[in-house]
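Below is one structure, written out as structure tokens; the observations come after it.
The values are calculated or read from the model by the stated rules, or taken from the named source; none is laboratory data. Just so it is clear, the structure is predicted and the values come from calculations on it, not from any experiment. No Cβ is skipped: glycine too gets one built from the backbone with ideal geometry, and neighbour counts run over all protein chains shown.
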2 protein chains.
Amino acid sequence: MARATVQDVARTAGVSVGTVSRVLNGSPAVSESSKAKVAAAIRQLNYRPLASARDLRRDRTMRILALAKNLYSPVISEVFRGAGDAAALSGYVTLIAPTAGDREREQQLVDMLRNGSVDGLIMFSPTMPDEDVEEMAEQLSVVQVCEIADAEAAFGVSIDDRQAAFDITRHLIRTGGRRMAMIGTRVARSGRLREEGFRRAVAEAGLSPDHMLFTDGDFDFHAGRRLARELLGLRPLPDAVFCGSDTVAAGCVREITDAGLRVPGDIAVAGFDDSIQAEMCVPELTTIRQPAYAMGQLAFEALLARMTEPEGYRRGRTFLPHELVVRDSTNG
Amino acid sequence: MARATVQDVARTAGVSVGTVSRVLNGSPAVSESSKAKVAAAIRQLNYRPLASARDLRRDRTMRILALAKNLYSPVISEVFRGAGDAAALSGYVTLIAPTAGDREREQQLVDMLRNGSVDGLIMFSPTMPDEDVEEMAEQLSVVQVCEIADAEAAFGVSIDDRQAAFDITRHLIRTGGRRMAMIGTRVARSGRLREEGFRRAVAEAGLSPDHMLFTDGDFDFHAGRRLARELLGLRPLPDAVFCGSDTVAAGCVREITDAGLRVPGDIAVAGFDDSIQAEMCVPELTTIRQPAYAMGQLAFEALLARMTEPEGYRRGRTFLPHELVVRDSTNG
DNA sequence: CTCCTTTGTGGAATCGATTCCAAAACGACC
DNA sequence: GGTCGTTTTGGAATCGATTCCACAAAGGAG
């Protein structure tokens, strides 16, 4: 039993294909009797309009794609939840795909926008160089979220990473931090901005950073432990560490605790993101809250504007406010 | 500048549309000179074949969809990584969509299979009733993973949840557990199977369960804390608790520790999944390792068979071996 | 040089839903 | 009953890539 087509429905209902299509799309100019006949035929044949045929004719898919390196991140999943909810309100389906940081796979997914498989694209952490993002943004419906390339043509939503890192570092200093260390990443742009914010806050307090440790690879719990272990071997021992994410901070806290030192007594630790990891950690982490859900919503709204208005869409970046969340991993 | 079509490319290259298409699809019967001319025209016009037109004609999309309630779960993301990698090897793109446990949104996503937006579907935790899964599986390319409905026609990959729960409960008893408690969920089928395994192991040891606590809603860190708090108010106080996930177990451990009791000294705690949470917890959790990546791979392979072979596909369920991982949250 | 095979090419038909245009059906009103 | 709107309908054209068929060109064998 092959798939039923609009022709089959028309024949069964005793009307024309035009009428069937009009019923399907809720056109007002259809008599009640036709509507009923068509509805009956559709049910009888278990008919569904074929997406590719509809998309071809209409020249849009009502689908968008959201790209990220990986899915297992509280911030990413929350951002995509916000974007997905906002998209649903406008009748769009949001699909998500991980790139695994692989250029080729990312390219393949971006091609889905180029070849019309989806109408728009939300990029979380592009692996491609900034110039490519810029070029894409000029011709295609793309917005960025959290990780924003320096691209004039593109729109992006994020917090002010530099300011946020500045704020939390200042908090570390205010609560007694003098020998300042940072564990971060330079792979992501946000990581570099956080480094800047950290350095600025330290300098402003008349101090200088004692230790800066970075990873080029994963930025997870194990990386946090590894770098913290390294840190504990250095002198002078820091009394405050700013970590680029909660997960890394949790690894750092764990390593410090295992070494017999106390957090925050001996070393204060600050995280970033205010994910569930911050609450799971003992002691609970002082961190920066990102309005991830709202960022996702805003990203979709900007994307919608880009998709529907040919030219008058928003460009540049928008910052959403972050918030310092003080918990027990820093001195009160 | 509107999108270039195959016609435009043909005109620019001075060949026919047939030849362009043959070049695009790597047909061998094309001269080198035509190949070069077409390639040049494609580059010049920045041409990409339109997906909907191609899909319509070919009657397949080379895309599959993976559904789950939410994305922020180590098991889910690992399963989908396995499925995605396997799919990529066969030239398929894997798209992921969260249902948020919403029937309507789930239906909308399942419709993407019905209307040919994708060629196949991997379902993680269906919200729909088993009968619907069964009915879908009969006519459509669907496989299930981890959470498997009792559906004859469908294929599913998972571990043997009952046996795994049995194994870890037996370990709790072997290492001194007498007053046995469980914190679980009955919303998911796997949760019910784990309950069965727990009960069986307890009964087999000549004991009977002291406390069984379940949540109908979220099954996360906070739920773990809430149920553990409740548990600590009950008498007799348990000396061993089996939790249905690592995240819940982490919440449970946290609540017990905060109450001034020791894990595992006063109360032993076991988790499930061997996610990163098991390692982040203090003490690290004894748990059950699920071969999530392999489950994803296998799920895709079964799906591929279902999509390509009209009838001779696999049915029923396949169990992959689990593994008891002993750490510090249970007595040595 | 002819005949036959191979290799390459052009172009029309096709996939299935939508949409536009023209025409039919239906009322209402005189 | 005829005229003039207003609904409603039928059906052809369309979207863009693929594929099949027929035919042309090139090469090889005799």
### Message
On the basis of being free of Cβ contacts under 8 Å to residues at least 40 places away in the same chain, touching a strand residue (DSSP E or B) at 6+ places or on another chain (Cβ under 6 Å) and either away from DNA strand C (no atom under 16 Å from the Cβ) or at the interface with another protein chain (Cβ under 7 Å from one of its Cβ atoms) (or both), does A:A97 make the cut?
### Response
yes
## Note on the structure
A:S52 passes all but one of the listed conditions (1) within 14 Å of another protein chain (Cβ to nearest Cβ); (2) away from DNA strand D (no atom under 12 Å from the Cβ); the exception is number (2)
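Condition test on B:T12, is it of a type outside the set (A, V, I, L, M) and more than 8 Å from DNA strand D (Cβ to nearest atom)?
The answer is yes for B:T12.
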## Note on the structure
Among the residues of the stretch B:1-19, the number that are surrounded by fewer than 12 Cβ atoms within 10 Å (Cβ to Cβ), part of a loop (DSSP other than H, G, I, E, B) and more than 7 Å from DNA strand C (Cβ to nearest atom) is 2
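Taking the stretch A:56-79 as the search range and keeping residues that are in a helix (DSSP H, G or I) and more than 7 Å from chain B (Cβ to nearest Cβ), which one is surrounded by the most Cβ atoms within 10 Å (Cβ to Cβ)?
That would be A:V79.
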### Message
Tell me whether the stretch A:230-242 contains one or more residues that are part of a loop (DSSP other than H, G, I, E, B), more than 14 Å from every other protein chain (Cβ to nearest Cβ) and closer than 26 Å to A:R289 by Cβ.
### Response
yes
### Task
Give A:R63, A:R58, A:R81, A:R48 a once-over and let me know the one that is within 16 Å of DNA strand C (Cβ to nearest atom) and within 18 Å of the chain's Cα centre (by Cα).
A:R63
## Note on the structure
Result of the Cβ filter at 6 Å on the stretch A:268-288, keeping first residues that are within 12 Å of chain B (Cβ to nearest Cβ) and surrounded by 24 or more Cβ atoms within 10 Å (Cβ to Cβ) and partners that are of a type outside the set (A, V, I, L, M, F, W, C) and in a strand (DSSP E or B), at least 6 apart or interchain, is A:A278/A:T287
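For every residue, the table says whether it meets (1) of a type in the set (D, E, K, R); (2) within 16 Å of DNA strand C (Cβ to nearest atom).
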| site | (1), (2) |
| --- | --- |
| B:V23 | no, yes |
| B:P28 | no, yes |
| B:S34 | no, yes |
| B:R43 | yes, no |
| B:L67 | no, no |
| B:A86 | no, no |
| B:E106 | yes, no |
### Subset tally (residues that are small (G, A, S), farther than 17 Å from A:S52 by Cα and more than 9 Å from every other protein chain (Cβ to nearest Cβ)) for the stretch B:100-126
2
### Task
Sort through B:R3, B:R22 and tell me the only one that's within 19 Å of B:R57 (Cβ to Cβ) and modelled with pLDDT under 90.
B:R3
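For the condition buried (at least 19 other Cβ atoms within 10 Å of the Cβ), aliphatic (A, V, I, L, M), more than 14 Å from chain B (Cβ to nearest Cβ) and more than 30 Å from B:F219 (Cβ to Cβ), what is the one hit in A:A201, A:A205?
So the residue among A:A201, A:A205 that is buried (at least 19 other Cβ atoms within 10 Å of the Cβ), aliphatic (A, V, I, L, M), more than 14 Å from chain B (Cβ to nearest Cβ) and more than 30 Å from B:F219 (Cβ to Cβ) is A:A201.
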### Query
Are there any pairs with C-beta distances below 7 angstrom linking a residue in the stretch A:13-42 that is within 14 Å of chain B (Cβ to nearest Cβ) to a residue that is near DNA strand C (Cβ under 10 Å from one of its atoms) and in a loop (DSSP other than H, G, I, E, B), with the two at least 6 apart or on different chains, and if so which?
A:L24/A:P49
### Summary
Scanning the stretch A:240-266 for residues that are surrounded by fewer than 19 Cβ atoms within 10 Å (Cβ to Cβ) and closer than 22 Å to A:R170 by Cα gives A:R262, A:G265, A:D266
### Task
Would you point out the residue of the stretch A:304-332, among those that are of a type in the set (A, V, I, L, M) and more than 14 Å from the chain's Cα centre (by Cα), that is surrounded by the most Cβ atoms within 10 Å (Cβ to Cβ)?
A:L304
### Query
Just checking, which of A:V118, A:V133 is within 17 Å of A:L65 (Cα to Cα) and in contact with a Leu (Cβ under 6 Å, 6 or more places away or on another chain)?
A:V118
### Message
Quick check on the stretch A:238-255. Is at least one of its residues out of contact with any strand residue (DSSP E or B) (no Cβ under 8 Å at 6 or more places or on another chain), at pLDDT below 95 and of a type in the set (D, E)?
### Response
no
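Residues checked against (1) out of contact with any Phe, Trp or Tyr (no Cβ under 9 Å at 6 or more places or on another chain); (2) among the basic types (K, R):
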{"site": "A:T175", "(1), (2)": "yes, no"}
{"site": "A:A181", "(1), (2)": "no, no"}
{"site": "A:R192", "(1), (2)": "yes, yes"}
{"site": "A:A205", "(1), (2)": "yes, no"}
{"site": "A:G217", "(1), (2)": "yes, no"}
{"site": "A:F221", "(1), (2)": "yes, no"}
{"site": "A:R229", "(1), (2)": "yes, yes"}
{"site": "A:V241", "(1), (2)": "yes, no"}
### Exclusive hit being among the aromatic types (F, W, Y) and touching a residue at least 60 places away in the same chain (Cβ under 8 Å), set B:F242, B:F221, B:F214, B:F198
B:F242
### Query
more than 16 Å from DNA strand D (Cβ to nearest atom), in contact with a strand residue (DSSP E or B) (Cβ under 8 Å, 6 or more places away or on another chain) and hydrophobic (A, V, I, L, M, F, W, C): does that describe B:A88?
yes
### Task
Please determine, by comparing only the residues of the stretch B:20-49 that are crowded, with 16+ Cβ neighbours inside 10 Å and assigned to a loop (DSSP other than H, G, I, E, B), which one is farthest from DNA strand D (Cβ to nearest atom).
B:V30
### Message
Looking at B:G177, B:G120 in this structure, which one is buried (at least 23 other Cβ atoms within 10 Å of the Cβ), of a type in the set (G, A, S) and either farther than 30 Å from A:M62 by Cβ or touching a Gly at 6+ places or on another chain (Cβ under 7 Å) (or both)?
### Response
B:G177
